[in-house]
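See structure below.
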Amino acid sequence: MNATIVDNRSALPAPGSYVRAPGCGNGRYRGGMVAETTRPTALITGASRGLGAAIARELAATHHLLLGARTPEALAGITAELSGITAGRSVNGGDLLESDVDHSEGGVGRSGSATNRFVGSGDRSGLGAERSRFEGGGDLSGCGELPGFTPWPVELTDYEAVAAACAPIERLDVLVHNAGVADLGTIAESSVAQWRNTLEANVIAVSELTRLLLPALRAAKGHVVLINSGAGLRANPGWGVYAASKFALRAFGDALRLEEPELRVTSIHPGRIDTDMQRAIVAGEGHDYHPEQFLTAPTVARTVRTAIETPRDAHPTEIVLRPIARDAV
Ligand SMILES: NC(=O)c1ccc[n+]([C@@H]2O[C@H](COP(=O)([O-])OP(=O)(O)OC[C@H]3O[C@@H](n4cnc5c(N)ncnc54)[C@H](OP(=O)(O)O)[C@@H]3O)[C@@H](O)[C@H]2O)c1
C-alpha cells in the first residue's frame, strides 16, 4: 500500500510525479508535470460531478487527469471512484481488484481484465487532499499503465489561486473547459450580479485559465475543448444571460483557434444533459424531471474523446449534439 499523507502543499511532489506507470517501460518526464508515464495529461474543470465527472471517467483509462473543482471536498466522490475506493474504503477492505470496481456510472477499469489491481489511498484533508497514489500490475490501456489522477481544486474566478495552481504545469495535452453555471431568467429579471457571475464563470475564467496554460498547451501542441451548449448557437426566452455567455465562449474559441494554429480548439454544443444543472433548470421551469428526455453525460463525454482522438489531419471545430428522447427510440 502506498499511502501519501501530505498536508503541506509546498512539500508535495510536482503534480503527477507520484503517479508512476509500473510495467510501462517508456516513461518520460514532462518538466513540471513529471508523470513518469507515456499517457497524455488532461485537465478537466468541474470534474466533481455532472458532465465533468463523466469526462473524467471517460478519459481515465488513457490519460493522466488533473481533476478540477472548487474545493478538495467536492472531488472526494470522483477521486474515490477513480481510485476504486468507495466511501473512504475499498470494497474488499484493502486492495481493490478491478472486478470489484462499481461500473454503474461508467467506472474507470474499462479493460474488463480481472487482473487489474488498483491500490489507492488519499489524504483528504486540507489543500493537499486527495493526493492518491496507485500501483498496478494489470494492463488497462495497452502499455501496462493504470489510471492516474491529480486533484486540482481551485476556485476558477480566484485568479491568483488559478495562477498558482497552473504554475507547475509545464506541458498539457488536453484542456477541457467544462465548469460552468446556469442562472436563468428573463432580461427583465436579470440583475447586474447575475450577468457578472455568469460571464465571469463561463467566459472570463475560461479565458484566464487558457491564457495561463498556453505555454503548456503549446509545448504539447494540445487540444482545448470548450463545453458550450445549444444555447451558444441560439438564444431562447429566459436564457439570455446564459446564452450570451455561451455565445461569448464560442467567439473565444473561434479567436483562439485562429491565434494559436498549433493548438486544436473544439466547441461542443450539447442540448440538455441529465445532470444536477439540468435538474435545477427544470425545477426552475416548474416542470417534472424526465431524465430519459435528455442526453446522458457519458454520451457527451464520449464525444469529448472522439474530438481529442480525431487524427491530426482534421480539426474538429464544432460538434453539436441534440438529445433523442429515449422513450421515442
Ligand atoms: N446540464 C446541461 O443540460 C448542459 C447542457 C449543455 C451544456 N452544459 C454545460 O456543461 C458544463 C457542465 O455542466 P453540468 O450540467 O455538468 O453542471 P453541474 O452539474 O452544475 O456541474 C458544474 C461543475 O462546474 C464546477 N464549477 C462551477 N463554477 C465553478 C467555479 N467558479 N470554479 C470551479 N469550479 C466551478 C462545479 O464545481 P463544484 O462541484 O465545486 O460546484 C461542478 O463541478 C457547463 O459548462 C454547462 O454550461 C450543460
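Things worth noting here:
- The residues of the range 258-273 that are surrounded by fewer than 19 Cβ atoms within 10 Å (Cβ to Cβ) and more than 18 Å from residue 55 (Cα to Cα), listed by number, are 258, 259, 260, 261, 262.
- Candidate set from the range 163-186 (those that are β-branched (Val, Ile, Thr) and crowded, with 21+ Cβ neighbours inside 10 Å); member that is nearest to residue 212 (Cα to Cα): 169
- The range 150-176 - residue that is near the ligand (Cβ under 10 Å from one of its atoms) and part of a loop (DSSP other than H, G, I, E, B) and, of those, farthest from residue 307 (Cα to Cα): 158
- Criterion (within 12 Å of the ligand (Cβ to nearest atom) and exposed (fewer than 14 other Cβ atoms within 10 Å of the Cβ)) met by exactly one of 288, 313, 276: 276
- Check on residue 266, within 23 Å of residue 163 (Cα to Cα) and among the polar types (S, T, N, Q): no
- Lone unmet requirement of (1) assigned to a strand (DSSP E or B); (2) away from the ligand (no atom under 13 Å from the Cβ) for residue 307: (1)
- Any chance residue 319 is more than 14 Å from the ligand (Cβ to nearest atom), without any contact (Cβ under 8 Å) to a residue 60 or more places away in the chain and in the same structural domain as residue 202 (by TED's automatic domain parsing): no
- Search result, residues across the range 255-267 that are assigned to a helix (DSSP H, G or I) and either within 11 Å of the ligand (Cβ to nearest atom) or touching a strand residue (DSSP E or B) at 6+ places or on another chain (Cβ under 8 Å) (or both): 256, 257
- Here the condition is being free of Cβ contacts under 8 Å to residues at least 60 places away in the same chain, in contact with a strand residue (DSSP E or B) (Cβ under 9 Å, 6 or more places away or on another chain) and either buried (at least 18 other Cβ atoms within 10 Å of the Cβ) or more than 27 Å from residue 315 (Cα to Cα) (or both); of 213, 209, 217, it holds for 217 alone.
- Test for residue 179: is it in contact with a Gly (Cβ under 6 Å, 6 or more places away or on another chain) and either within 16 Å of the ligand (Cβ to nearest atom) or part of a helix (DSSP H, G or I) (or both): yes
- Checking each residue of the range 275-286 against the condition of being closer than 23 Å to residue 206 by Cα, in contact (Cβ under 8 Å) with a residue 60 or more places away in the chain, in the same structural domain as residue 216 (by TED's automatic domain parsing) and assigned to a strand (DSSP E or B) gives no match.
Each row is one residue, and each column tells you yes or no for (1) modelled with pLDDT under 95; (2) under 9 Å from the mean Cα position of the chain (by Cα); (3) crowded, with 20+ Cβ neighbours inside 10 Å.
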{"position": "21", "(1), (2), (3)": "yes, no, yes"}
{"position": "24", "(1), (2), (3)": "yes, no, no"}
{"position": "43", "(1), (2), (3)": "no, yes, yes"}
{"position": "55", "(1), (2), (3)": "no, yes, yes"}
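- If only residues of the range 197-253 that are over 17 Å from the mean Cα position of the chain (by Cα) and of a type in the set (S, T, N, Q) are counted, the one that is farthest from the ligand (Cβ to nearest atom) is 236.
The values are calculated or read from the model by the stated rules, or taken from the named source; none is laboratory data. Note that the structure is predicted; figures quoted are calculated from it, not measured. Here the Cβ is made from the backbone with ideal geometry for all residues, glycine too, and neighbour counts use every protein chain on show.
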